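Report on one structure; see the data block that follows.
The values are calculated or read from the model by the stated rules, or taken from the named source; none is laboratory data. Predicted model only: the values in this text are computed from it and were never measured. So basically every Cβ, Gly included, is an ideal-geometry build from the backbone, and we count neighbours across all protein chains shown.
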Amino acid sequence: MQAVPSDFLNIDRKERVNKPFFDLDLRNPEVRTCDFDGVVIEFTPEQAMVQAARCIHCPDPAPCMVACPVNNDIPSAMWLIEQGRFAEAANLYHQTSSLPEICGRVCPHEALCQGSCVLNKHHEPVLCGELEVFTVDYKRRTEGRIIPLGTPTGKKVAIIGAGPAGLGCADQLVQVGHEVTIFESKPAPGGLLVYGIPNFKLPKDVWFEKWGEFERAGVKFVPNTYIGKDKTIDELFEKDKFDAIFIGVGSEIDAKMEDAPGTDLPGVYEATDFLIRGNVDRSMLPSELLEPLEVGKRVVVIGGGDTASDCLRTALRLGSKEVTCLYRRTEREMPGGKKDRQMAKDEGAKYRFLTQPVKFIAGEDGRLAAVECIEMKLGEPDEKGRRRPVPVENSNFSVACDTAILALGYWPDPILGKTTPDLETHNWGLIKTLDRETGQTSREGVFSAGDCVTGPDLVVTAMRGGRKAARAIDAYLKSK
């Protein structure tokens, strides 16, 4: 990695702290809700240099670097950026991250690198994420990027799932010379990056420019192929002659609201269905999702995570006039990022806390007309430390709406465990690994990482798991 020169360590930290700070510049909420374009207005080169110069270069290990799941060398990148050496800074990010232009946009920086910046104590933090985005975008536009390829080994690896974990794995495998083929159940590559994250958070053109790097590196892509249904892991080994397999299918089955009658009413959507049909171009939709959405003027979103924020903001962009989040705890217990939640509020979304839907009510036309709810209060903490929601007796009330979106979380798809001999799973389908550092599963030659192992987590942690598994796969293939 690029080291900060020794003479640069004699910096005047007080002078740096007092350099001007300006927060992210966002498009006006009244304007941005009229389209699905990006919300953040990117830095100019001059702004990037000024902001990077606010880094006081903490002694190793720098807190921001420790807080980053892939340990990006943020202090060295900041030094390069303030010198105007943007492409070199981008190269530094590419050393530790397979998806820096993605993670710079979607990571919860306030809880990771930016949240760990020591300037938070008395000043504003360095905007690590936006500076990462700036440098990588700059390099892509001015120089382009080619994934460095290793000498061909003659070994073939199948990757199941074209999301963050699979991409992290593919990126590392081609760099050591292995041939990689990615199998994906949907028409386009990207997984969550295309079919889960809205365009206003992650522009599709950014993703497809990134995918071009993988195509130029020779990564093969097989779309519309559902491993476990259309083809089994055994067939990948025996018929297609792959030498190793990586599973990175994520955890994309929407959690159900089984104890609430009426979830099958027209007008009630699961979050994945809603986000895909609301955000993805028709040409990339699976055949079963081609029917247009029917989104009403009054929408409720049930849940408190990032997916709920994405659904709220998508509904506003689809023309809904009254969009409300119903959450059974208070805002303090919400698992979603504060930044996205504030953007949703700025755009017009409302929040109703300590509210638990218990029934979905049909109108005379048979479509959803209201949600019956019950008030909640907070009880003792659960196993995760969050206070449990407790129903308040006889507190039922109704919220009028014509569209409801269930953003309750995600479960793993159990099909690979059911169709693959000797592949151990647990917790309703999560793939069991013998070692999280290697991703080795109970089936020889099969490795796994990401949300299908851990349950729903961050893009960056899934990508990190794929990179680690790639190193283990390489060692396994060399041992063979």
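Can you find, within the range 136-191, the residue that is surrounded by the fewest Cβ atoms within 10 Å (Cβ to Cβ) among those that are touching a strand residue (DSSP E or B) at 6+ places or on another chain (Cβ under 6 Å) and in a helix (DSSP H, G or I)? Don't jump to the end; show me each part of the working.
Residues of the range 136-191 touching a strand residue (DSSP E or B) at 6+ places or on another chain (Cβ under 6 Å): 156-160, 162, 166, 169-170, 173-174, 178-183, 189.
Those still in the list that are in a helix (DSSP H, G or I) too: 166, 169-170, 173-174.
Working: G166: 31, C169: 34, A170: 30, L173: 29, V174: 22.
Among them, the one singled out is V174.
Out of all the residues in the range 310-357, which are at pLDDT 95 or above, surrounded by fewer than 18 Cβ atoms within 10 Å (Cβ to Cβ) and more than 21 Å from T403 (Cβ to Cβ)?
T330, E331, Q342, D346
Among all residue pairs at least 6 apart or on different chains, which show Cβ distances below 8 Å where the first residue, located in the range 98-112, is farther than 17 Å from I147 by Cβ and not assigned by TED's automatic domain parsing to the domain that holds F208 and the second is of a type in the set (D, E) and buried (at least 24 other Cβ atoms within 10 Å of the Cβ)?
Once the first residue is farther than 17 Å from I147 by Cβ and not assigned by TED's automatic domain parsing to the domain that holds F208 and sits in the range 98-112, its partners that are of a type in the set (D, E) and buried (at least 24 other Cβ atoms within 10 Å of the Cβ) give G104/E132.
Identify the residue in the range 378-417 that is without any contact (Cβ under 8 Å) to a residue 12 or more places away in the chain and either in contact with a Pro (Cβ under 8 Å, 6 or more places away or on another chain) or not in a loop (DSSP other than H, G, I, E, B) (or both) and, among all such residues, is surrounded by the fewest Cβ atoms within 10 Å (Cβ to Cβ). Spell out the reasoning first.
Of all residues in the range 378-417, those without any contact (Cβ under 8 Å) to a residue 12 or more places away in the chain come to 379-385, 388, 393-394.
Then keep just the ones that are either in contact with a Pro (Cβ under 8 Å, 6 or more places away or on another chain) or not in a loop (DSSP other than H, G, I, E, B) (or both); that gives 379-381, 388.
On the way: G379: 10, E380: 7, P381: 11, R388: 15.
Here the answer is E380.
Report whether or not K478 is of a type outside the set (V, I, T), modelled with pLDDT of 95 or more, farther than 18 Å from I159 by Cβ and part of a helix (DSSP H, G or I). Spell out how you get there, then give the answer.
On the way: of a type outside the set (V, I, T): yes; modelled with pLDDT of 95 or more: yes; farther than 18 Å from I159 by Cβ: yes; part of a helix (DSSP H, G or I): yes.
It is true that K478 is of a type outside the set (V, I, T), modelled with pLDDT of 95 or more, farther than 18 Å from I159 by Cβ and part of a helix (DSSP H, G or I).
Which count do you get for residues in the range 93-134 that are of a type in the set (S, T, Y), under 16 Å from E213 (Cβ atoms) and over 19 Å from the mean Cα position of the chain (by Cα)?
The total comes to 0.
Residues are listed down the side, and each one gets a yes or a no for (1) farther than 27 Å from W428 by Cβ; (2) among the basic types (K, R); (3) assigned by TED's automatic domain parsing to the domain that holds R367:
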{"position": "V219", "(1), (2), (3)": "yes, no, no"}
{"position": "K239", "(1), (2), (3)": "yes, yes, no"}
{"position": "F274", "(1), (2), (3)": "no, no, yes"}
{"position": "V295", "(1), (2), (3)": "yes, no, yes"}
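For the range 51-90, name all the residues that are acidic (D, E) and more than 24 Å from the chain's Cα centre (by Cα).
Of the residues in the range 51-90, the ones acidic (D, E) are 60, 73, 82, 88.
Residues satisfying the conditions are D60, E82, E88.
What are the residues in the range 119-128 that are out of contact with any Pro (no Cβ under 9 Å at 6 or more places or on another chain) and under 18 Å from V50 (Cβ atoms), if any? It would help to see each step written out before you state the result.
Narrowing the range 119-128 to residues out of contact with any Pro (no Cβ under 9 Å at 6 or more places or on another chain): 120-128.
If the condition is that a residue be out of contact with any Pro (no Cβ under 9 Å at 6 or more places or on another chain) and under 18 Å from V50 (Cβ atoms), then H123, E124, P125, V126, L127, C128 are the ones that fit.
Taking the range 344-377, which residues are more than 30 Å from C34 (Cβ to Cβ) and without any contact (Cβ under 8 Å) to a residue 60 or more places away in the chain?
Those that are more than 30 Å from C34 (Cβ to Cβ) and without any contact (Cβ under 8 Å) to a residue 60 or more places away in the chain: L354, Q356, E364, E372, C373, I374, E375, M376, K377.
Answer yes or no: is there a residue in the range 240-252 that is touching a residue at least 12 places away in the same chain (Cβ under 8 Å), within 22 Å of the chain's Cα centre (by Cα), buried (at least 22 other Cβ atoms within 10 Å of the Cβ) and in a strand (DSSP E or B).
yes
So if I check each of R313, R277, R341, R329, which one is assigned to a loop (DSSP other than H, G, I, E, B) and either more than 30 Å from K220 (Cβ to Cβ) or free of Cβ contacts under 8 Å to residues at least 24 places away in the same chain (or both)?
Details: R313 fails: assigned to a loop (DSSP other than H, G, I, E, B); R277 fails: assigned to a loop (DSSP other than H, G, I, E, B); R341 fails: assigned to a loop (DSSP other than H, G, I, E, B).
Only one candidate passes the filter, namely R329.
Tell me yes or no: at least one residue of the range 231-252 is under 20 Å from C311 (Cα atoms) and not small (G, A, S). Walk me through it before giving the result.
Initial filter on the range 231-252 (under 20 Å from C311 (Cα atoms)): 250-252.
Add one more test, that the residue is not small (G, A, S), and what stays is 252.
For the range 231-252, residues under 20 Å from C311 (Cα atoms) and not small (G, A, S): present.
Can you confirm whether the range 119-134 contains a residue that is crowded, with 22+ Cβ neighbours inside 10 Å, closer than 22 Å to G450 by Cα and not assigned by TED's automatic domain parsing to the domain that holds A271?
Checked the range 119-134: at least one residue is crowded, with 22+ Cβ neighbours inside 10 Å, closer than 22 Å to G450 by Cα and not assigned by TED's automatic domain parsing to the domain that holds A271.
Can you name every residue in the range 16-32 that is surrounded by 11 or more Cβ atoms within 10 Å (Cβ to Cβ) and in contact (Cβ under 8 Å) with a residue 60 or more places away in the chain?
V17, F21, L24, L26, P29, R32
List every residue pair whose Cβ atoms sit under 6 Å apart, with the two residues 6 or more apart in sequence or on different chains, where the first one lies in the range 182-203 and is more than 24 Å from S309 (Cβ to Cβ) and the second, anywhere, is crowded, with 22+ Cβ neighbours inside 10 Å.
So the pair list comes out as I182/I159; I182/A162; I182/G166; F183/I160; F183/I227; E184/A162; P189/A162.
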